[in-house]
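The values are calculated or read from the model by the stated rules, or taken from the named source; none is laboratory data. As the structure is a computational prediction, the values presented were derived from the model and not from experiment. In this analysis, Cβ positions are derived from the backbone assuming ideal geometry, glycine residues included, and neighbour counts consider all displayed protein chains. Ligands, DNA and RNA are stripped out before the accessible areas are found, and what is left, the full protein with its side chains, is counted by its heavy atoms. Shrake-Rupley method; radii C 1.70, N 1.55, O 1.52, S 1.80 Å.
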Amino acid sequence: GQQLNQSPQSMFIQEGEDVSMNCTSSSIFNTWLWYKQEPGEGPVLLIALYKAGELTSNGRLTAQFGITRKDSFLNISASIPSDVGIYFCAGHRSGGSNYKLTFGKGTLLTVNP
Amino acid sequence: DTAVSQTPKYLVTQMGNDKSIKCEQNLGHDTMYWYKQDSKKFLKIMFSYNNKELIINETVPNRFSPKSPDKAHLNLHINSLELGDSAVYFCASSQFMGQGIYFGPGTRLTVT
């Protein structure tokens, strides 16, 4: 089935550093979504992107829908300890009636205070 | 609070038993989903309902049966539980298909 390649798999950073993670696919996507999951909780929607080239911010988080529609990135600026968690990209692929949301395998972020 | 809620939070049961997980959303969304998250944290869709109609049914064993009594509820019944069914099950909803979805807190199912 279709796959999203999310990288890096994990990151260990110091508080205050900026973080960048991305997702790529061989297929074109209509929608890119970024989620954060903390232990024992469900994934929380951070940013939704619906247009190629779209750049959207949510506080210290910024995400972009790639021009080719095959990739997206998420940046976190000035990281803080509560940014710790697993970040997932997800997308709806273009074409037909395929509204299934495909998830990347996640990026585990650890922030050292 | 407006949200997606599901019960129970934890479910421990023996092989062969039948169990149900309940889900409710008060967001006024038309579409609801069940996702399974395995031990490696991979999220995979199981079912999707739009206005009480089954839209997506992935290759899930027919021991799993979703039921949507109305737009705000989507329950999951599992028959003859197996060890491999142990996972976290998330209910979710979205206004329309193709939009961002909102997840419930999850039900951690452990089959012994």
Checklist outcome for this item: Out of (1) within 11 Å of chain B (Cβ to nearest Cβ); (2) open to solvent by less than 50 Å² (accessible area, probe 1.4 Å), the one A:Val111 does not meet is (1)
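Rundown of residues vs (1) closer than 17 Å to B:Tyr10 by Cβ; (2) away from chain A (no Cβ under 14 Å); (3) part of a loop (DSSP other than H, G, I, E, B), yes/no style:
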{"residue": "B:Lys36", "(1), (2), (3)": "yes, no, no"}
{"residue": "B:Met46", "(1), (2), (3)": "no, no, no"}
{"residue": "B:Tyr49", "(1), (2), (3)": "no, no, no"}
{"residue": "B:Leu74", "(1), (2), (3)": "no, yes, no"}
{"residue": "B:Phe90", "(1), (2), (3)": "yes, no, no"}
Checklist entry - Hey, among B:Glu53, B:Glu82, which residue is farther than 21 Å from A:Ile86 by Cα and in contact (Cβ under 8 Å) with a residue 60 or more places away in the chain? => result B:Glu82
Item to check | Residues of region B:6-20 satisfying the condition of being within 13 Å of chain A (Cβ to nearest Cβ) and in a strand (DSSP E or B) | outcome: B:Gln6, B:Tyr10
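Hand me the list of strands (runs of 3 or more DSSP E) wholly inside region A:24-78 holding 1 or more residues that are within 12 Å of chain B (Cβ to nearest Cβ) and touching a His at 6+ places or on another chain (Cβ under 8 Å).
Numbers: elements: A:29-37, A:44-49, A:55-58, A:61-65, A:71-76.
Because the criterion is at least 1 residues that are within 12 Å of chain B (Cβ to nearest Cβ) and touching a His at 6+ places or on another chain (Cβ under 8 Å), the strands (runs of 3 or more DSSP E) in region A:24-78 that meet it are A:29-37.
Give the residues of region B:27-41 that are farther than 13 Å from B:Ser68 by Cβ and touching a strand residue (DSSP E or B) at 6+ places or on another chain (Cβ under 8 Å), sorted by residue number. Working first, answer last.
Filtering region B:27-41 down to residues farther than 13 Å from B:Ser68 by Cβ leaves B:27-28, B:35-41.
Those that are farther than 13 Å from B:Ser68 by Cβ and touching a strand residue (DSSP E or B) at 6+ places or on another chain (Cβ under 8 Å): B:Leu27, B:Tyr35, B:Lys36, B:Gln37, B:Asp38, B:Ser39, B:Lys41.
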Next on the checklist: If I filter region B:16-51 down to residues being within 12 Å of the chain's Cα centre (by Cα) and open to solvent by 50 Å² or more (accessible area, probe 1.4 Å), which single residue comes out as modelled with the lowest pLDDT?
Outcome noted: B:Lys44
Next on the checklist: Looking only at region B:92-112, filter to residues that are away from chain A (no Cβ under 13 Å) and surrounded by fewer than 17 Cβ atoms within 10 Å (Cβ to Cβ); which one of those is nearest to B:Gln14 (Cα to Cα)?
Outcome noted: B:Thr112
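Residues in region B:51-72 that are more than 14 Å from chain A (Cβ to nearest Cβ) and either among the charged types (D, E, K, R) or part of a strand (DSSP E or B) (or both): how many? It would help to see each step written out before you state the result.
Taking region B:51-72 first, the residues more than 14 Å from chain A (Cβ to nearest Cβ) are B:52, B:61-72.
Pick out the ones that are also either among the charged types (D, E, K, R) or part of a strand (DSSP E or B) (or both) and you get B:52, B:63-71.
Going through region B:51-72 one residue at a time, the tally reaches 10.
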Item to check | Flag if B:Thr31 is more than 14 Å from B:Ser93 (Cα to Cα), of a type in the set (Val, Ile, Thr) and within 12 Å of another protein chain (Cβ to nearest Cβ) | outcome: no
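Report the residue count in region A:8-23 for those that are in a strand (DSSP E or B) and open to solvent by 50 Å² or more (accessible area, probe 1.4 Å).
The first filter runs over region A:8-23 and keeps only residues in a strand (DSSP E or B), leaving A:10-14, A:19-23.
Checking which are open to solvent by 50 Å² or more (accessible area, probe 1.4 Å) leaves us with A:10, A:12, A:14, A:20, A:22.
Result for region A:8-23: 5.
Check whether at least one residue in region A:32-39 is of a type in the set (Asp, Glu), in contact with a Gly (Cβ under 6 Å, 6 or more places away or on another chain) and open to solvent by 60 Å² or more (accessible area, probe 1.4 Å), and report yes or no.
Going through region A:32-39, the residues of a type in the set (Asp, Glu) turn out to be A:38.
Restricting the remaining residues to those that are in contact with a Gly (Cβ under 6 Å, 6 or more places away or on another chain) gives A:38.
Still in the list and also open to solvent by 60 Å² or more (accessible area, probe 1.4 Å): A:38.
Checking region A:32-39: at least one residue is of a type in the set (Asp, Glu), in contact with a Gly (Cβ under 6 Å, 6 or more places away or on another chain) and open to solvent by 60 Å² or more (accessible area, probe 1.4 Å).
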